[in-house]
Each structure stands twice: as structure tokens, then as C-alpha cells.
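Here is the structure we will look at, set down as C-alpha cells.
Bear in mind that the values in this text are calculations on the coordinates, not laboratory data. Everything numeric here is computed off the predicted structure, so don't read it as measured data. We place every Cβ from the backbone using ideal geometry, glycine too, and count neighbours over all the protein chains shown.
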Amino acid sequence: MKIFRKLIRDNMPVIMEAQGKHLKTRILNDEEFLPALENKLLEETQELRTDPAESKPAKIAYIYEILDYIVRATGSTPEQIETIRKEDFVKKGGFDKKLFLEGEGE
């Protein structure tokens, strides 16, 4: 049996069962859920870096979904996050100029 130890989507056991595979799962408690979401975010962002261009929109959509669950798991709301995002944009700007830091002078 392969061991994965990672968060999966709700319908994956049914999908895999239809393919003749049985998944051993358990339900995480609230304390386990946020770290599992954070690990899933890392996993998916690492995959985003290597996915071909045509796969990136689907991967980004999945990352958005994970972020939405993280927002809710931390007790925040999408509106609170958007307010913070806008404040940071006003203070620090965006990435339109494509600036890349290569070092710091003395």
C-alpha cells in the first residue's frame, strides 16, 4: 500500500473506487485541517512552477480554492482579505513594473 498522508478533495474516494482503487482516509479535526491546507497549498504551488502553460489556469483555480478554505479556516472572510490586499496595493504597489531585486547597495 502506498502512503500519501495529504489532504484530498471530497469526491476523490468515490472517483478512485470507480477506478478499482480503495483509499484509506480519515476526517481531520479542526487543529489538523489548517496545516493540511497549508501543505496542500505548498504542494500545488510547487506543481504550478513545472506545469505546462496550458495546465496553469486549472492549477491556479485549484490554488484559489485552497486559499479560500485557508481564509475560512483562519476565521477571516474574503472581504477582509480583499481589504488588506487593497491597502497593501496602495502602500506598496503591485507587480506591473515587473521589478526584480538583485541586491542591496550600501
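With r defined as the distance between the Cβ atoms of residue 14 and residue 45 and R0 fixed at 30 Å, what FRET efficiency is calculated, to the nearest 0.05?
For R0 = 30 Å, the calculated efficiency reads 0.65.
Please list 33-41, 56-64 highest first by mean number of surrounding beta-carbon atoms within 10 Å per residue.
Highest mean packing first, the order is 33-41, 56-64.
Averaging sequence separations of C-alpha pairs under 8 Å and six or more residues apart, then dividing by the length of the range 12-81, give the relative contact order as a whole percent.
Details: 28 pairs, mean separation 19.7, N = 70.
Contact order relative to length: 28 percent.
Which residue, 37, 12, 27, has the largest displacement toward the positive end of the dipole of the range 12-81 when charges sit on each Cβ (Lys, Arg +1; Asp, Glu -1)?
Most positive-ward Cα: 12.
So how many Lys-Lys pairs in the range 12-81 land under 22 Å Cα to Cα, not counting same-chain pairs under 8 apart?
Summing the qualifying lysine pairs gives 4.
With θ set to phi - 60° and the Karplus curve 6.51 cos²θ - 1.76 cosθ + 1.60, what are the ³J(HN,Hα) couplings of the range 41-49 in order, to the nearest whole Hz, using x for Gly and Pro?
For the range 41-49, the Karplus-derived couplings read 4, 4, 4, 6, 5, 5, 5, 4, 5 Hz, x marking Gly and Pro.
If r is the Cβ-Cβ distance from residue 88 to residue 53 and R0 is 35 Å, what FRET efficiency results, to the nearest 0.05?
Calculated value: 0.80.
Order the peptides 3-16, 66-79 from the highest to the lowest mean number of other Cβ atoms within 10 Å of their residues.
The densest-packed peptide leads the list: 66-79, 3-16.
With +1 assigned to the C-beta of every Lys and Arg and -1 to the C-beta of every Asp and Glu, and no other charges, what is the dipole magnitude of the range 13-81 about the Cα centre in debye, to the nearest 20?
For this selection, approximately 240 debye.
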